[in-house]
Amino acid sequence: MKEGKLISLGIECTAHTFGASVVREDGVILSDVKDIYKPPPGRGIHPRESAQHHSQVGARVLREALERAEVRLSDVDVVAFSAGPGLGPCLRTGATLARAIASLLSKPLVQVNHAIGHIEIARLTTRVEDPLVVLVSGGHTTITTFIDGRYRVYGETLDITLGNLLDAFAREAGLPSPGGPVVEKLAREGSKVVELPYVVKGNDVSYSGLLTASLEKLRKGAKLEDLCLSIQEYAFSMLAEAAERALAFTEKPALLLTGGVAANERLKEVMRMVAEEHGASFHVVPPQYSGDCGAQIAWTGLLHFKHGDVVEVDESSVKPRWRLDEVDVPWRR
Ligand code: AMP
Ligand code: MG
């Protein structure tokens, strides 16, 4: 339902999720449809297999997104796709679809940075203006805030992400994918915190030693529930320490948690405490928009479009290692 306002179609395709969404200029999310590739038990995401999944479900997901939004493809004013960071084959599948639509219908094309998508969908849905952002997902563990035209990084992981840590531990422990929700559930049944490596360097965290040590303890017979509890306590405390310093340093009035791991209740509790100690308000992206989704791309694409940030189809590209601090953010100026 267009109602005379600009309409954006967003395509998300950085890793396991193929998503399509229609979002209106006034911030109303008219539809958000996704289909998630699930690797076989015991295996991580294989980029080519995930891309194949996306090309199989892409047309159906897209059609459903348009139908639920009650808009025709010809009503769309801008086509946005996630150009990175992410897995090359997955990114290329989404980019190809977006380019085809933009070319066939002569619509403007916008490249969206996936991480900025996680931030902007969280700002839209929580209405928080100027937060320090803790972005935790399969692809990111980043503490960032807007300063002087861009999102600047005030801490990040030096190796694997928080989502990777939880997923890889679960996979090695024979638990189903995605690991995060399973680890969270088992952690509730844990009764003791076992000692694990706690690594914060400067304002960055490192999780790979925590993963290795947890798996080692699992092999030596530690209780799975206790390990799940301990991994969460260690990983979240490290992140809390870094977030706390960033909040003290930037003096931002709010703390915003976003990305797939933002669905975790214990992490919310820990981050809420950090915010309260610094007199900052606390906000979390709603669970339906915490994981990868088309809405984060459609909305951010619309923000870019309104500032003239469009790309010619033959100049568009995918950027598997695109950092969020390389992107100008004119709508926040
Ligand atoms: P994204 O990459 O943003 O789609 O987020 C996916 C990541 O979020 C995966 O690593 C999941 O394991 C993780 N995740 C989803 N739900 C939870 C949860 N309740 N607790 C911890 N991690 C979660
Ligand atoms: Mg993501």
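The values are calculated or read from the model by the stated rules, or taken from the named source; none is laboratory data. Predicted model only: the values in this text are computed from it and were never measured. As a convention, Cβ positions derive from the backbone with ideal geometry for all residues, glycine included, and neighbour counts pool all protein chains shown.
Listed values, structure above:
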| item | result |
| --- | --- |
| The range 243-302: number of residues that are among the polar types (S, T, N, Q), more than 15 Å from ligand 2 (Cβ to nearest atom) and more than 22 Å from residue 330 (Cα to Cα) | 1 |
| Identity of the residue in the range 123-164, within 11 Å of ligand 1 (Cβ to nearest atom) and in a helix (DSSP H, G or I), that ends up farthest from residue 232 (Cα to Cα) | 164 |
| Subset tally (residues that are touching a His at 6+ places or on another chain (Cβ under 6 Å), part of a loop (DSSP other than H, G, I, E, B), within 30 Å of residue 307 (Cβ to Cβ) and hydrophobic (A, V, I, L, M, F, W, C)) for the range 1-60 | 1 |
| Count of the range 166-181 residues which are farther than 19 Å from residue 263 by Cα and either within 11 Å of ligand 1 (Cβ to nearest atom) or in a loop (DSSP other than H, G, I, E, B) (or both) | 3 |
| Hits in the range 1-53 - residues which are among the β-branched types (Val, Ile, Thr), within 16 Å of ligand 1 (Cβ to nearest atom) and in contact with a Leu (Cβ under 9 Å, 6 or more places away or on another chain) | 11, 14, 33, 45 |
| Breaking point among (1) within 16 Å of ligand 1 (Cβ to nearest atom); (2) farther than 23 Å from residue 19 by Cβ; (3) surrounded by fewer than 18 Cβ atoms within 10 Å (Cβ to Cβ), for residue 320 | (2) |
| Residues within the range 275-297 that are assigned to a helix (DSSP H, G or I), touching a residue at least 12 places away in the same chain (Cβ under 8 Å) and more than 14 Å from the chain's Cα centre (by Cα), tallied | 2 |
| Condition check for residue 97: assigned to a helix (DSSP H, G or I), on the phi < 0 side of the Ramachandran plot and either modelled with pLDDT under 95 or surrounded by fewer than 23 Cβ atoms within 10 Å (Cβ to Cβ) (or both) | yes |
| The listed residue being outside any helix (DSSP H, G or I) and either under 24 Å from the mean Cα position of the chain (by Cα) or modelled with pLDDT of 95 or more (or both), out of 255, 239 | 255 |
| Close pairs from the range 1-27: first more than 25 Å from residue 260 (Cα to Cα) and among the hydrophobic types (A, V, I, L, M, F, W, C), partner assigned to a loop (DSSP other than H, G, I, E, B) and more than 16 Å from ligand 1 (Cβ to nearest atom), Cβ under 8 Å, at least 6 apart | 1/70; 1/71; 6/25; 6/77; 7/25; 7/71; 7/76; 7/77 |
| Index of the failed condition, residue 272 passing every other in (1) assigned to a helix (DSSP H, G or I); (2) in contact (Cβ under 8 Å) with a residue 24 or more places away in the chain | (2) |
| Selection status of residue 186, free of Cβ contacts under 8 Å to residues at least 60 places away in the same chain, in a loop (DSSP other than H, G, I, E, B) and either among the small types (Gly, Ala, Ser) or over 26 Å from residue 91 (Cα atoms) (or both) | no |
| Unmet requirement for residue 223, which otherwise passes all of (1) surrounded by fewer than 18 Cβ atoms within 10 Å (Cβ to Cβ); (2) closer than 22 Å to residue 132 by Cα; (3) among the basic types (Lys, Arg) | (2) |
